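Have a look at the structure below, then the notes.
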Amino acid sequence: MEILSAKNISFTYPLEETPALRNVDFHIHKGEFVVMCGASGSGKSTLLHLIKQEIAPHGQLAGTMFYKGEPLHNETPPQDIGIVFQDPENQIVMENVMEELLFGMENKGYRTAVMRKKVAEMTHYFGLSHLLNKRTSELSGGEKQMVNLVSVLLLDPDLLLLDEPTAQLDPIAAKEFIQTLAQLNREFGMTILMVEHRLEELFAVADRVLVLDQGMKKMDEQPREAVAMLQDHPVLQYFLPSSSRLFLHYESEVIPENIPITVREGRDWLRTKHVDSREISQIEEHSAPYLTLNEIDFQYKRNTSPILHNLSLTVKKGELLAILGANGTGKSTLLKVIAGILRQQHGKIVINGEKTKKLESGAVSYLPQNPALYFLEDTLIAEYKQIIKKHKQENGEAQIHNLLSKFGLTALKDRHPADLSGGELQKAALLGTILENPAILLIDEPTKGLDPFSKRMFGDLLGDLRNQGLTIVMVTHDVEFAANYATRCSMLFQGDVSITESTSDFFKANTYYTTVMNRISRKTSATPVITMEEAKDNWHVQKKSSSS
């Protein structure tokens with residue numbers, strides 16, 4: 001039975017000539033799990049928000065959306081469509097977890113006895129009982145997102161919409177969240193439409209993959225069929241699971257039903273092959289220390305547990321150091337302390353031999369998790385011109401246009417920041433930060449909202465900046481991005497840096513907090529690798545002989 005469909009949906013934002021969506025058709029049946037993906041700005045979030053009428057964007061809409069056989073855009077929006085957003089902070093409204101869970105039901109007029117029964121059932125089922133009396137501000141990102149999900153489920157939706165819900169979750173929390181969604185779909189028949197860039201886990205649980213490209217439907221296929229059709233696409237091939245891309249690189253004859261889409265399937269395929277591997281040499285960087293933190297302590301309030309405790313860390317000049325760790329371990333706090341936004345209670349920070357108090361303005365640039373906070377002007381180009389004026393940049397105009405082209409933002413330079421998609425906004429803020437020409441760049445979750453192809457472009461740009469002498473400290477949950485572009489990685493645990501190693505050593509030594517390629521190659525005849533590029537450069541894969 002069809003629950004949601006679209007017929008010739010087109011949508012254009014106010015003051016825009018190019019439509020965000022063009023003649024999009026799709027059909028979703030009750031109980032299906034559909035993943036919608038595409039490059040940043042392809043119209044995914046716009047389409048999702050048009051389905052949830054209460055948050056539908058303003059603009060010119062053509063075509064018709066149907067929900068349970070009735071036109072969707074009428075005066076009374078359906079009450080059984082739930083949505084979970086990318087940023088858990090934007091959805092939570094109450095100070096206490098119990099109050100947050102009750103909030104939606106109270107607004108709908110549920111009786112007290114019904115609310116208590118539903119909350120008791122849900123919190124036991126999802127294992128949230130220990131959080132009920134906590135303040136929502138004290139929750140980790142994964143806990144906040146689970147509270148958001150349960151708050152929506154308490155309203156008994158028939159259709160669940162999710163807009164990049166794992167973007168701010170660490171890898172383990174993201175995996176658990178996706179497993180929860182798969183369970184809701186398989187065991188309880190929940191219909192799910194999910195927009196996501198992190199697709200490694202999702203191809204395995206999705207019934208279909210809906211791909212948008214420049215506002216149009218590119219395809220709507222089962223996962224393995226979608227992989228086969230996208231393998232040669234110049235941009236969308238990078239959206240495919242690592243196991244699929246590895247298979248497609250080495251196999252000349254591709255039958256869709258044989259394409260692996262999970263880690264286990266990729267490992268099973270690799271075990272059928274004979275792999276000649278060369279040992280991967282590690283290039284050690286001997287740059288001098290540039291940023292040093294000695295015995296840093298920080299707490300937000302007296303008589304509370306410290307967020308950072310006796311933390312010491314050294315960053316080398318010209319490197320890209322990735323700081324990883326679970327949600328709530330103090331990674332963002334650490335960046336703010338380095339940037340001088342927060343002041344440590346104990347310890348000292350030295351940059352290039354100088355205490356931070358004596359540094360020139362602009363020596364350190366910081367980009368927060370929420371890029372919307374970065375902008376003050378009404379358009380991107382106005383913002384960038386103010387930056388080069390403030391920092392007295394030579395050839396500033398040329399640099400602006402060069403970076404706009406590199407980031408694929410030239411067509412958006414006259415757009416208001418609030419009118420950009422999440423990925424576009426992230427790229428726009430990063431561009432502005434780079435224009436400040438700092439000695440040290442601090443970036444908090446820079447790949448949040450970026451599609452896989454944009455991540456590659458951004459990673460290459462960071463490499464160019466490093467070659468020009470920029471030192472970069474990055475907080476991230478994106479282990480795949482860190483594996484491809486970081487020089488070293490640090491793990492933050494209980495307020496201190498538990499270990500700092502070369503990127504290769506860091507991920508190869510980890511069992512769970514590691515890359516998909518490392519999990520695929522582990523316990524096979526191949527030399528373990530952490531990235532696809534390592535495999536391509538160091539493996540020669542052949543079919544095993546019958547005598548093997």
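The values are calculated or read from the model by the stated rules, or taken from the named source; none is laboratory data. Quick caveat: nothing in here was measured; it's all calculated off a predicted structure. Cβ placement follows ideal geometry from the backbone for every residue including glycine, while neighbour counts extend to all protein chains displayed. Keep in mind that these areas ignore ligands, DNA and RNA; they rest on the heavy atoms of the full protein, side chains included. Shrake-Rupley method; radii C 1.70, N 1.55, O 1.52, S 1.80 Å.
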Can you name every one of the strands (runs of 3 or more DSSP E) wholly within segment 394-510 that holds 2 or more residues which are among the acidic types (D, E)?
496-502
So H416 fits all but one of (1) under 27 Å from K316 (Cα atoms); (2) open to solvent by 30 Å² or more (accessible area, probe 1.4 Å); (3) of a type outside the set (A, V, I, L, M, F, W, C); what number is the exception?
(1)
Cβ-Cβ under 9 Å, sequence separation 6+ or interchain: first residue in segment 113-140 and in contact (Cβ under 8 Å) with a residue 60 or more places away in the chain, partner part of a helix (DSSP H, G or I) and of a type outside the set (D, E, K, R). Which pairs?
L139/P88; L139/V97; L139/L131; L139/M146; L139/V147; S140/A173
Listed residues R198, R245; which is under 23 Å from the mean Cα position of the chain (by Cα), assigned to a loop (DSSP other than H, G, I, E, B) and among the basic types (K, R)?
R198
Count - residues of segment 321-342 that are free of Cβ contacts under 8 Å to residues at least 40 places away in the same chain and of a type in the set (S, T, Y)
1
Of the residues G59, G82, which single one is over 25 Å from L199 (Cα atoms) and among the small types (G, A, S)?
G59
Hey, any hits in segment 222-238 for a residue that's touching a strand residue (DSSP E or B) at 6+ places or on another chain (Cβ under 9 Å), part of a strand (DSSP E or B) and among the hydrophobic types (A, V, I, L, M, F, W, C)?
no
Determine whether segment 319-334 contains at least one residue that is more than 21 Å from the chain's Cα centre (by Cα) and either modelled with pLDDT of 90 or more or not basic (K, R) (or both).
yes
Do we find that M65 is more than 29 Å from H27 (Cβ to Cβ) and in contact with a Leu (Cβ under 8 Å, 6 or more places away or on another chain) in this structure?
no
Could you check segment 71-107 and list, in sequence order, the residues that are charged (D, E, K, R) and either touching a Pro at 6+ places or on another chain (Cβ under 8 Å) or at pLDDT below 90 (or both)?
E75, D80, D87, E89
G432, sole failed condition from (1) under 19 Å from the mean Cα position of the chain (by Cα); (2) in contact (Cβ under 8 Å) with a residue 24 or more places away in the chain
(1)
